Structure formats: C-alpha cells, structure tokens
Amino acid sequence: MRKHHNKLYFGKYDHKTIFKMPYANVLYPTTDEHLYSILKGEQDDTKFHGFNGNVVKLSDDSKRVASFILANRKKLNFRIQQESVLFYSDKKTAKLLVEEFWDDWTGSESVHPKFSNLGKNTVGCKRLPHGKYRFQVHLKKNVHQLVSSSERESLWQFLKRNKKQCLVSNKYVLDYLNGSHPHCYSGYFYVSEEKMLTPIYMIAQKGVDKVIKFEKE
C-alpha cells in the first residue's frame, strides 16, 4: 500500500533525509526477508532487476543500506524513488543516516510545530529544496498523451531560458522534456517564484498534475 508521505512526515516523524542512491533499487521489494537475502549473498552479485525494471549491479553500498534499514526498521520509514531514497525519521536517526551515507546525502528537511496544519499541497521546511525553490510542479503520469510535441518543446525552452528560476533535477522528466525519450510516467521540476507558474500553465496546463508549495520556517 502506498503511504501518504506528507502525512507520514508531519505525523510520526519530523525529519526527512534525502540521498542519491541509484544502487538502492536492488532493495525492492523491501521486506526483511529480501533484505536478509541480500546480506547473506543469496542474490546474484552481477545484476538484479530493480523495482523500475532496470538491471542494476548489487554492490557493497546496496548491502550497507539494507543493513542500516534492518538495524533501524522501527525508527524510520523510507521510500525508494527512481535514483533517490527518502528516509523519514526522528532527528537522532536522521543524523546517523547523514553520517553513514555522507557521500550520497543531497538534503534534509524538518518540520516545525507551526507547520502541522498546512494544507494538502503545502510542505513546511527549514530549508527550501536546493536552497531556493518554493514550488514543485508535478506532471501527470500520462503527460506524453496530454501534451503535444510543440507544447512539450515550448515548455522545455521556457525552462531553459529561465534556468536561474527553474530546475529539472529528475532524469526521467529531463529526458522527456528535451526530447530524448517519448514518454514520462511521473516526475516533477522546481520553480523559485510563483509568477513562473502562470506561463507554465499557459503552455502545458493539461500535463500538470499538482503544484507543491514549500513554506520556510
């Protein structure tokens, strides 16, 4: 069952720690049985089909993450998302995560009590994503069916012209927008100012699923 991650973040846990871990795909499915089989060497060391169908190599890094999750299962929840892993935990466990996987750490967020009653598409944080972006624009899973090639190209050109205010960090969204791949089954990009949303809607409103707003403490 898919967890409601905003609810998870604002409810049981007050820290979200984000890591770039493409090797973590081998952890799926993330049952204890599967993670133990990885640590015991019962999986093929040369290749493994991750949750997205890609063939990835089972590495010592994969085993380190599996070991950490098993040792701290009751102290955290997590989500494997394409090349990233999002961990939800308390402050102490978040600190341990950063220390253990320092080289892969890309960011952290924590919730102040004043953010507990924010709206559905608003997220509270001490630091804005990548230090500056206030809005996260999510595309629909079938965006490639809803947006024409000319609209896609117009959106891509707009984002490129305004690269100081816009950031496409998601590989799958980037490949779709720049024309490298014809499909995009989910993803998002960032914008720093609310005024940037109007032209985005004008260009490709049919392809926009939702916009998440970040409120800084």
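Just one of (1) part of a loop (DSSP other than H, G, I, E, B); (2) at pLDDT below 90 fails for His181. It is (2). Of the residues making up the range 146-194, those that are within 15 Å of Gln136 (Cα to Cα), among the hydroxyl-bearing types (Ser, Thr, Tyr) and in contact with a helix residue (DSSP H, G or I) (Cβ under 8 Å, 6 or more places away or on another chain) number 4.
Can you tell me which residue within the range 182-207, out of those that are loosely packed, with under 13 Cβ neighbours inside 10 Å and polar (S, T, N, Q), is farthest from Gln145 (Cα to Cα)? Result: Thr198.
Would you confirm, using the coordinates I've provided, whether Gly179 is surrounded by 14 or more Cβ atoms within 10 Å (Cβ to Cβ) and of a type in the set (Gly, Ala, Ser)?
Numbers: surrounded by 14 or more Cβ atoms within 10 Å (Cβ to Cβ): no; of a type in the set (Gly, Ala, Ser): yes.
Criteria not met by Gly179.
Scan the range 119-129 and give yes if some residue there is more than 29 Å from Asp14 (Cα to Cα), outside any strand (DSSP E or B) and either in contact with a helix residue (DSSP H, G or I) (Cβ under 6 Å, 6 or more places away or on another chain) or not β-branched (Val, Ile, Thr) (or both), otherwise no.
From the range 119-129, those more than 29 Å from Asp14 (Cα to Cα) are none; that's our starting set.
Scanning the range 119-129, I find no residue that is more than 29 Å from Asp14 (Cα to Cα), outside any strand (DSSP E or B) and either in contact with a helix residue (DSSP H, G or I) (Cβ under 6 Å, 6 or more places away or on another chain) or not β-branched (Val, Ile, Thr) (or both), so the answer is no.
Of the numbered criteria (1) modelled with pLDDT under 80; (2) not in a loop (DSSP other than H, G, I, E, B), the one Leu35 fails is (1).
The values are calculated or read from the model by the stated rules, or taken from the named source; none is laboratory data. Predicted model, so just to flag it, every value in this text is computed and none were measured. Counting neighbours? That spans all protein chains shown, and the Cβs are built from the backbone with ideal geometry, glycine included.
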